[in-house]
Amino acid sequence: MDRNFHRTMERQARRTPSPPPLPVQALFSTALQHHQAGRPAEADRLYCQVLAADPRHADSLHLRGLIALQNGRPDLAVSLIRQAIGINPNEALYHANLGSALWQQAEADAAIAAYRHSIALKPDYIKAHLNLALVWLKIGQPRQADIALRGVLARQPDSAEAYDALGTARKQQGLLDEAISYYRRAIHFKPDFVEAWTNLGAALWQQGKLDQAVGCYRRALELNPRYVPVLFNLGVAMADLDRLDDASACYRQVLSLDPDHVDACNNLATVLKQQGRLEEAVALYRKAVQLSPDCVEARSNLGIVLLALGQMPEGWQEHEWRWQTPHMRAARRGFSQPQWSGESGEGRTLLIHAEQGFGDTLQFCRYAPLAAARGLNVILEVQPPLVRLLRQLPGVARVIAHGDALPPFDIHCPMLSLPLALGTTMETIPAATAYLEADAADVAAWRARLGALQCNGLRVGLAWAGKSRTHAHGLAAVDQRRSMDPGRLAPLLCLPDLAFFSLQKEGGETASALPLIDCMQQVQDFADTAALIANLDLVISVDSAVAHLAAALGKPVWLLDRFDPCWRWFTGRSDSPWYPMLRIYRQSDPGDWDGVIGRVAADLAALSEQRRSRPAG
């Protein structure tokens, strides 16, 4: 509506109102002059005087409505403009601005009806067509937007605004190449079109063309250095390029221009989290939550950082907001049975269902026996490759695969909500040395297989990559940071008197050129992997399901951890309250795997030497 203001003023100045008494005409002309000069308060006072003399002065009612809209009072604007329409129902401009006021009230259907009425009165009213298209885009109806935009281009083929909106319509339909083409056409017709440069950058970013996206954002900033949306987008782009200081600077500039920008608070906090500045991150997440208590991302992220700091009671509470995030919302189970909150329940059946990845299930399945100890009949639903292994859990009545028919149950609990239900604190983490056990027959079979290999020295299992989660951009970025090229393992593999076994089933680059014993083709599920690990002396792994499995079996685990660790590994410590047999080797700087491997190689050489020097027998 703001862009249309001067056009509205010009149109209003050209119009010849119904002949009022001379004093009213003079008052209205003076009010209009104040309005055009940017003095809306004085204009509004005079419009009121006009209406006191002539209550049916439609133009004054309409222009008072525009002032109310500019002042953030869409409710008053709707009332005033509707009064004007009641007096003069055939003025297309009134209906168009009513549509803008209704849209600010989030009344999409009514706004659409108003724009359509305006177009019916004046079919060549370009701005009404364009605003109608923008509403369709805002409510996720890109095909309807296309129709309105074709109406614009049929009448104004060089409309940069229409091409920009068409780009957004194509982007909403996942047609990024077409979107980029339309954004470029918008810029062709209007080279200083800041919004189109910003939108083009965002589309290129979605295609993974980060350098080109940054170029577009910088061009937009040259045109308008204080344009908040492009500053914000440039900070997304910088974070993805791991230029965290640049990302931080962008978000801070956004907040200097708009201190209440919730998304900038959240994103800056996330950058600070990646930089290891967790206390600062918490403060910004709290600010975002204060500004917008229902900000799902901020609340979920706050929970994660609080858990990383060991502030578990509040952390578990905020962690429940994960179910509202885009990548978790679709996975939420729509059970009619209530969620368990930790109460005892003699004779009742509790369904505990896995969520997220294999590692999460392996870490939190430890809570199933604790629930059973409260008198509940526990059914555990997990990913199919974990079913055979987790049948060994004590107290669990039944383990079923996700996707199989569920038996009757009375209450349920997502697996990562169990710590909240049971009131877990840092002091009460259930940290048994081993709470999982490999099948004895499987262990014996793998013992025979490895014995036939006649390998000497310590047996060390290696895993260098977690499973790639390409369905979510943020998770995919984490997967890249937590995984490494297997070639970086070379300083370990050249150590003498050690036998290295690959534990990499999927998600990693091939290591066929490395001196590893790879039996993973014979592994069908996690029970097989557990039996193999039971025959090893040590597991060295990045943050993956393999690390959780080995630690849950009570095997010594050396965790190769990224600079910005998952919350469960906390900060500033090399041990884990979750796993007594786990030792953490963390990057000193982002991406510094060589430093991690160097420390591991030194400790592994010392461990091997201790074994060699140990007296026989």
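Scanning segment 233-248 for residues that are in contact with a helix residue (DSSP H, G or I) (Cβ under 8 Å, 6 or more places away or on another chain) and either part of a helix (DSSP H, G or I) or touching a residue at least 40 places away in the same chain (Cβ under 8 Å) (or both) turns up N233, L234, G235, V236, A237, M238, A239, D240, L244, D246, A247, S248. Applying the criterion of being in contact (Cβ under 8 Å) with a residue 40 or more places away in the chain and in a helix (DSSP H, G or I) to the residues of segment 443-461, the residue that is surrounded by the most Cβ atoms within 10 Å (Cβ to Cβ) is W446. Answer yes or no: is there a residue in segment 595-614 that is outside any helix (DSSP H, G or I), free of Cβ contacts under 8 Å to residues at least 60 places away in the same chain and not hydrophobic (A, V, I, L, M, F, W, C). Yes, there is a match, as at least one residue in segment 595-614 is outside any helix (DSSP H, G or I), free of Cβ contacts under 8 Å to residues at least 60 places away in the same chain and not hydrophobic (A, V, I, L, M, F, W, C).
Scanning segment 262-292 for residues that are outside any helix (DSSP H, G or I) and over 17 Å from the mean Cα position of the chain (by Cα) yields Q275, G276, R277. Within segment 65-79, the presence of at least one residue that is surrounded by fewer than 24 Cβ atoms within 10 Å (Cβ to Cβ) and at positive phi is confirmed.
The residues in segment 171-192 that are surrounded by fewer than 21 Cβ atoms within 10 Å (Cβ to Cβ), part of a helix (DSSP H, G or I) and charged (D, E, K, R) can be counted, and the count is 4. Of the residues making up segment 377-392, those that are in contact with a Phe, Trp or Tyr (Cβ under 8 Å, 6 or more places away or on another chain) and either among the β-branched types (V, I, T) or at pLDDT below 95 (or both) number 1.
For segment 302-390, the helices (runs of 4 or more DSSP H) that sit wholly inside it and include 3 or more residues that are among the aliphatic types (A, V, I, L, M) are 367-372, 387-390. Exactly one residue out of L176, L234, L241 is over 30 Å from D564 (Cα atoms) and among the aliphatic types (A, V, I, L, M), and it is L176. Among the residues of segment 216-229, some residue qualifies, meaning at least one is surrounded by fewer than 21 Cβ atoms within 10 Å (Cβ to Cβ), farther than 23 Å from P259 by Cα and touching a residue at least 12 places away in the same chain (Cβ under 8 Å). Taken over segment 249-274, the residue count meeting the criterion of being out of contact with any Lys or Arg (no Cβ under 8 Å at 6 or more places or on another chain) and either surrounded by fewer than 17 Cβ atoms within 10 Å (Cβ to Cβ) or over 21 Å from G303 (Cα atoms) (or both) is 11.
The values are calculated or read from the model by the stated rules, or taken from the named source; none is laboratory data. These numbers come from a predicted model, not from an experiment. Cβ coordinates were reconstructed from backbone atoms using ideal geometry, including for glycine residues, and neighbour counts include every protein chain displayed.
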